[in-house]
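Note sheet for the following structure.
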Amino acid sequence: MSPPPAVSTRRIAQLALPALVVLAAEPLYVLVDTAVVGHLGPIPLAAVAVSGSVMSLAAWLGALMAYGTTGRAARRFGAGDRAAAVAEGVQASWLALTVGVLLALLAQPFAGPLAHALAGDAATADAAAGWLRVAVLGAPGLLLAAAGNGWMRGVQDTRRPLIFVLGANVLSAILCPLLVYPVGWGLTGSAVANVVAQTVSGGFFLHALVRETRQLRPSPQIIGQQLRLGRDLLIRGGAFQACFLSATAVASRFGVESVGAHQIALQLWFFSALALDAVAIAAQSLVGAALGSGSAADAQAVARKVTIAGGIAGVIFALFVLVGSGSIAGWFTPDAGVYAQAAIIWPWFIGLLPFAGVVYALDGVLIGAGDIRFLRNITLAAALLGFLPAIWVAYFFDLGLGGIWAGLALLILIRFVTTVWRWRSGRWAVLGASRVVP
């Protein structure tokens with residue numbers, strides 16, 4: 001096999017632009033879904049906020065599979081062994097299917113207790129539980145798509161994921177308003193549209209894997225290696241989940257209007273984060289391939305370029321939000337109370353985006369390098385010393401949504417300082433086809 005293409009700004013863009021569409025497709029659909037449900041009233045909107053926070057567990061597990069598989073596959077691809085890179089995808093897909101089915105089964109009895117624990121009132125909790133029981137049936141497809149994205153990014157194929165994910169989400173974006181309004185399924189129609197998108201997307205990736213290789217048997221040894229190496233990503237992701245679930249729970253205690261505004265802003269934040277993550281996806285693939293082929297210089301060049309690109313992209317996003325901040329909430333709900341609460345969030349949102357752009361870019365560099373333990377440690381520190389104390393202080397002292405988003409600011413700024421320091425140290429650039437940073 002020929003060596004990977006030389007690292008250049010053009011090559012980063014060739015990987016990042018299709019990844020941008022893939023990353024933006026799911027949160028863009030969620031924004032469409034939020035807008036459709038928001039016009040049903042504040043209680044359905046609050047229900048999606050609560051149940052969506054629980055469903056983010058599946059999305060979090062999917063991100064773990066995608067990011068962990070990308071780094072491992074990219075190193076093997078960089079060393080010239082495409083078959084071994086694809087084999088990582090086979091085992092990740094077995095793991096994805098198993099976990100997805102378990103989530104779908106477990107959610108049926110536990111949806112009600114979880115919704116009531118997070119929601120501030122019984123009506124919201126009942127609506128959230130009903131939505132969750134249906135929407136979670138898409139978890140197997142969601143996780144299969146994540147595993148597929150992981151190995152395809154590792155072999156630097158971002159074209160097919162673009163087609164698979166975009167096609168499924170366009171279909172679901174069309175179905176959502178039809179099922180909610182003309183068909184008359186209301187909130188349940190939103191959940192069914194979610195399931196359709198995730199199942200169709202997962203099916204596309206599974207079909208591509210079968211066409212790529214006939215070696216489809218599960219390998220407990222490789223799956224075990226993936227689980228061990230994914231341990232730090234799991235802990236890191238758990239810290240994020242604790243933060244955002246706690247934030248939704250606290251926002252719910254401030255009232256239906258507050259949690260509705262928090263849902264709108266949080267989904268916009270996730271959309272911005274995943275869109276900004278496009279350069280991080282390119283970094284994961286190119287850094288892993290460069291280190292796998294033995295070129296620390298190429299890996300360092302990628303890190304420098306994506307850091308600059310991430311900062312610039314963050315500024316651009318901040319400008320867009322600044323221009324639209326007076327009308328964005330009105331796209332999702334006509335409720336004046338939700339609109340007023342959303343206005344509290346925009347200054348925090350806009351100010352954090354440039355820092356977030358750099359953080360997400362450097363996350364991609366360090367994940368591609370296998371420097372997961374460091375990312376775990378700084379995320380735990382930022383969560384335990386920043387975000388979680390801030391939002392519970394906001395609850396006890398009735399600081400409202402401003403207090404919650406001040407917690408997010410601490411999370412981002414702690415990660416910004418520490419990831420920039422790690423990048424500058426160069427300790428992450430460890431060479432080899434399978435080595436990770438000790």
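The values are calculated or read from the model by the stated rules, or taken from the named source; none is laboratory data. Predicted, not measured: the structure shown is a model, and the values here were computed from it. So basically every Cβ, Gly included, is an ideal-geometry build from the backbone, and we count neighbours across all protein chains shown.
Applying the criterion of being free of Cβ contacts under 8 Å to residues at least 12 places away in the same chain and under 22 Å from residue 145 (Cα atoms) to the residues of region 71-128, the residue that is farthest from the chain's Cα centre (by Cα) is 84. Within region 271-288, can one find any residue that is under 30 Å from residue 124 (Cα atoms), among the aromatic types (Phe, Trp, Tyr), out of contact with any helix residue (DSSP H, G or I) (no Cβ under 6 Å at 6 or more places or on another chain) and assigned to a helix (DSSP H, G or I)? Checked against the condition, which is being under 30 Å from residue 124 (Cα atoms), among the aromatic types (Phe, Trp, Tyr), out of contact with any helix residue (DSSP H, G or I) (no Cβ under 6 Å at 6 or more places or on another chain) and assigned to a helix (DSSP H, G or I), region 271-288 yields no hits at all.
Cβ-Cβ contacts under 9 Å between residues 6 or more apart (or on different chains), taken from a first residue in region 215-230 that is within 16 Å of residue 84 (Cβ to Cβ) to a second residue that is loosely packed, with under 13 Cβ neighbours inside 10 Å, are listed as 215/83; 216/210.
For (1) outside any helix (DSSP H, G or I); (2) closer than 29 Å to residue 367 by Cβ; (3) in contact with a Phe, Trp or Tyr (Cβ under 7 Å, 6 or more places away or on another chain), each residue gets a yes or a no:
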| position | (1), (2), (3) |
| --- | --- |
| 31 | no, yes, yes |
| 49 | no, yes, no |
| 63 | no, yes, no |
| 67 | no, yes, no |
| 75 | no, yes, no |
| 80 | yes, yes, no |
| 86 | no, yes, yes |
| 110 | no, no, no |
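Scanning region 338-384 for residues that are farther than 14 Å from residue 313 by Cβ and of a type in the set (Phe, Trp, Tyr) turns up 339, 346, 348, 349, 374. Contact annotation: no residue pair with Cβ atoms under 8 Å, 6 or more positions apart or on different chains, pairs a residue in region 182-194 that is part of a loop (DSSP other than H, G, I, E, B) with a partner that is surrounded by fewer than 18 Cβ atoms within 10 Å (Cβ to Cβ). Among residues of region 10-23 that are buried (at least 16 other Cβ atoms within 10 Å of the Cβ), those with a Cβ under 7 angstrom from a residue that is polar (S, T, N, Q), sequence gap 6+ or separate chain, pair up as 15/156; 15/158; 15/285; 18/158; 19/158; 22/149. Within region 228-235, the presence of a residue that is in contact with a Pro (Cβ under 6 Å, 6 or more places away or on another chain), closer than 28 Å to residue 392 by Cα and not basic (Lys, Arg) is excluded. Scanning region 324-377 for residues that are touching a residue at least 12 places away in the same chain (Cβ under 8 Å) and not in a helix (DSSP H, G or I) yields 325, 332, 333, 334, 335, 370, 371. The residue that is surrounded by the most Cβ atoms within 10 Å (Cβ to Cβ), counting only those in region 400-414 that are over 17 Å from residue 272 (Cα atoms) and of a type outside the set (A, V, I, L, M), is 407. With respect to the conditions (1) modelled with pLDDT of 85 or more; (2) over 30 Å from residue 403 (Cα atoms), residue 293 falls short on a single one, namely (1).
Take residue 249 and tell me if it is assigned to a helix (DSSP H, G or I) and either modelled with pLDDT of 85 or more or crowded, with 20+ Cβ neighbours inside 10 Å (or both). Taking the combined requirement at face value, the residue does not satisfy it. In region 45-58, the residue that is modelled with the lowest pLDDT out of those that are buried (at least 22 other Cβ atoms within 10 Å of the Cβ) and under 23 Å from residue 170 (Cα atoms) is 53.
Of all residues in region 160-175, those satisfying the criterion of being of a type outside the set (Phe, Trp, Tyr) and either surrounded by 17 or more Cβ atoms within 10 Å (Cβ to Cβ) or outside any helix (DSSP H, G or I) (or both) are 161, 162, 165, 166, 168, 169, 172, 173, 175. Of all residues in region 414-432, those satisfying the criterion of being without any contact (Cβ under 8 Å) to a residue 60 or more places away in the chain and not small (Gly, Ala, Ser) are 414, 415, 417, 418, 421, 424, 427.
Filtering region 394-432 to residues that are within 18 Å of residue 305 (Cα to Cα) and of a type in the set (Phe, Trp, Tyr) leaves 416, 421, 423, 428.
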